[in-house]
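Before any comments, here is the structure.
The values are calculated or read from the model by the stated rules, or taken from the named source; none is laboratory data. Keep in mind that this is a model prediction, so the values were computed, not measured. In this analysis, Cβ positions are derived from the backbone assuming ideal geometry, glycine residues included, and neighbour counts consider all displayed protein chains. For the accessible areas, the whole protein counts, side chains as well, though only heavy atoms, and no ligand, DNA or RNA atoms are used. Shrake-Rupley method; radii C 1.70, N 1.55, O 1.52, S 1.80 Å.
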Amino acid sequence: MATGSPPPAGQTIVVQPRESWFGRFGKVLLVLLGLAVLVIMSQAAMYQSYFNTAGGPQEKYASLSKTALKKVAIISVDGTIMEGEDFAKKQIDRVREDDSVVAAVLRINSPGGTVTYSDYLLHHLKKLREAKAENGQEFPLVVSMGSLCASGGYYIAMAVEDQEDAIFAEPTTWTGSIGVIIPNYRIVEMMEKLGVDETSIASGEFKQMGSPTSEMSDEERKLFQELVDETFDGFKKVVYGGRPEFEANPEKLDELAKGQIFTANQALESGLVDKIGFIEDAVARAVELAGLTEDSVRCVKYAKTPAPLDALLGASAKETLAPRSDLRSLLNLSAPRAYFLYTTWPALLESR
């Protein structure tokens, strides 16, 4: 090597790191593992639901003795009473099938609902008491009214029949609204402004009776009024069954049954309710009517059995994030009620 010449450049060997087996397939494995966990959780929820002995609502401890075998069950009727919402009926069925339930508290927080479904629930509440009585036990039923127990809500409260001190209203309860209504809206003038004509073809002169797209004739109004009057008479007969004092004095009920809402104090003074108290007072009364003590009975309530996907994702979170636009929710929003609330958007989001 010549003196003064630069040394040869060193040879650089680059060794590429070998990709690990996990690095190559790890992401795929993690995705597959996540899917497997989802499937297992879903199957577990389905398994639990399938083997639920009551076939529906899940029983939850509410109060009183945790170790007692005999139970007082809280049956909840919440929101507008209408076809398609069968949770109340499922609770009634579960109570009927459970021989350890010796009394029930009917918790009502409802503005009312359809005539047919209100009568349906009343019918099955009465059948529940009859079925329990066939087993040789008197079955006390006590009502606890929430913030609103009106119209159809008051109708089903009459399932207590002639039990003494069996209807409790909370101090801030609104109740009453005994009456029947057929909502009807007229959009004839709006159609004229929009240039829309009514050209429906009907089989008879009264087939379109009540249509918002045509004027209601005097004869049509008379026919509707007959329907309302007959249904209203049925409502009052139901009230006679739950408030026998009104049957002895029908004029008093006529004064109360003009569709108005009453506060708890007004309802107590007029005889629409028996006591002012909270749900624990109603539970205590049910225990008393059953001839038991509070340390010898367990108070239970019921929750809806979530669908497998809801159980997995969290139904409450889904309902909180998703706007509720079904008819039942709209009717709940349209019911008049008082709020201790400072907001310009009252009740647009229903608390669950």
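Count, please, the residues in the range 57-89 that happen to be over 17 Å from MET145 (Cβ atoms), part of a strand (DSSP E or B) and charged (D, E, K, R). So that I can check it myself, show each step before the final result.
Taking the range 57-89 as the starting set, the residues that turn out to be over 17 Å from MET145 (Cβ atoms) are 57-73, 82-87, 89.
Subset that is part of a strand (DSSP E or B): 58-64, 71-73.
Cutting the leftovers down to charged (D, E, K, R) gives us 59-60, 71.
Residues that pass the stated criteria total 3.
Tell me, which residue of the range 192-212 that is not in a loop (DSSP other than H, G, I, E, B) and not aliphatic (A, V, I, L, M) is surrounded by the fewest Cβ atoms within 10 Å (Cβ to Cβ)?
Among residues in the range 192-212 that are not in a loop (DSSP other than H, G, I, E, B) and not aliphatic (A, V, I, L, M), the one surrounded by the fewest Cβ atoms within 10 Å (Cβ to Cβ) is LYS193.
So that you can scan it fast, the table gives a plain yes or no per residue for (1) of a type in the set (Asp, Glu); (2) in a loop (DSSP other than H, G, I, E, B); (3) closer than 15 Å to ALA104 by Cβ; (4) in contact with a Ser or Thr (Cβ under 6 Å, 6 or more places away or on another chain):
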{"site": "LYS126", "(1), (2), (3), (4)": "no, no, yes, no"}
{"site": "GLU130", "(1), (2), (3), (4)": "yes, no, yes, no"}
{"site": "SER147", "(1), (2), (3), (4)": "no, no, no, no"}
{"site": "GLY153", "(1), (2), (3), (4)": "no, no, no, yes"}
{"site": "ASP165", "(1), (2), (3), (4)": "yes, yes, no, no"}
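One line per residue, one yes/no per condition, for (1) open to solvent by less than 70 Å² (accessible area, probe 1.4 Å); (2) within 27 Å of LYS89 (Cβ to Cβ); (3) of a type in the set (S, T, N, Q):
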site: GLN260; (1), (2), (3): yes, no, yes
site: GLU269; (1), (2), (3): no, no, no
site: ILE279; (1), (2), (3): yes, yes, no
site: ARG285; (1), (2), (3): yes, yes, no
site: GLU288; (1), (2), (3): no, no, no
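All but one of (1) among the polar types (S, T, N, Q); (2) under 26 Å from the mean Cα position of the chain (by Cα); (3) more than 14 Å from TYR154 (Cβ to Cβ) hold for SER203, so report the exception by its number.
Exception for SER203: condition (2).
Just checking, how many residues over the range 66-91 are over 18 Å from GLY113 (Cα atoms), of a type outside the set (D, E, K, R) and either open to solvent by less than 80 Å² (accessible area, probe 1.4 Å) or without any contact (Cβ under 8 Å) to a residue 60 or more places away in the chain (or both)?
5
Step by step: first the residues of the range 170-185, then only those that are part of a loop (DSSP other than H, G, I, E, B) and among the polar types (S, T, N, Q), then the one that is most open to solvent (accessible area, probe 1.4 Å). Which residue is that? Before the answer, list the steps.
Start the filter on the range 170-185 by keeping residues that are part of a loop (DSSP other than H, G, I, E, B), which leaves 170-173, 177-185.
Next, only the ones that are among the polar types (S, T, N, Q) stay: 172-173, 177, 184.
On the way: THR172: 92, THR173: 1, SER177: 29, ASN184: 71 Å².
Within the range 170-185, the match that is most open to solvent (accessible area, probe 1.4 Å) is THR172.
Please go through the range 208-253 and pick out each residue that is over 30 Å from MET190 (Cα atoms) and either of a type in the set (Phe, Trp, Tyr) or at pLDDT below 90 (or both). Steps first, answer last, please.
Filtering the range 208-253 down to residues over 30 Å from MET190 (Cα atoms) leaves 229-253.
PHE232, PHE235, TYR240, PHE246 - these are the residues of the range 208-253 that are over 30 Å from MET190 (Cα atoms) and either of a type in the set (Phe, Trp, Tyr) or at pLDDT below 90 (or both).
Return the residues of the range 73-100 that are out of contact with any helix residue (DSSP H, G or I) (no Cβ under 9 Å at 6 or more places or on another chain), of a type in the set (Asp, Glu) and over 22 Å from ALA290 (Cα atoms); say none if nothing qualifies.
ASP86
When the residues of the range 125-155 are narrowed to those that are over 22 Å from ALA284 (Cβ atoms) and among the aliphatic types (A, V, I, L, M), which ends up surrounded by the most Cβ atoms within 10 Å (Cβ to Cβ)?
ALA150
Take MET158 and decide whether it is assigned to a loop (DSSP other than H, G, I, E, B) and open to solvent by less than 70 Å² (accessible area, probe 1.4 Å).
Judged against the criteria, MET158 is not a match.
Filter the range 213-248 down to residues that are open to solvent by less than 70 Å² (accessible area, probe 1.4 Å) and of a type in the set (Lys, Arg) and give me whichever is farthest from GLU192 (Cα to Cα).
If we take residues in the range 213-248 being open to solvent by less than 70 Å² (accessible area, probe 1.4 Å) and of a type in the set (Lys, Arg), then ARG243 is farthest from GLU192 (Cα to Cα).
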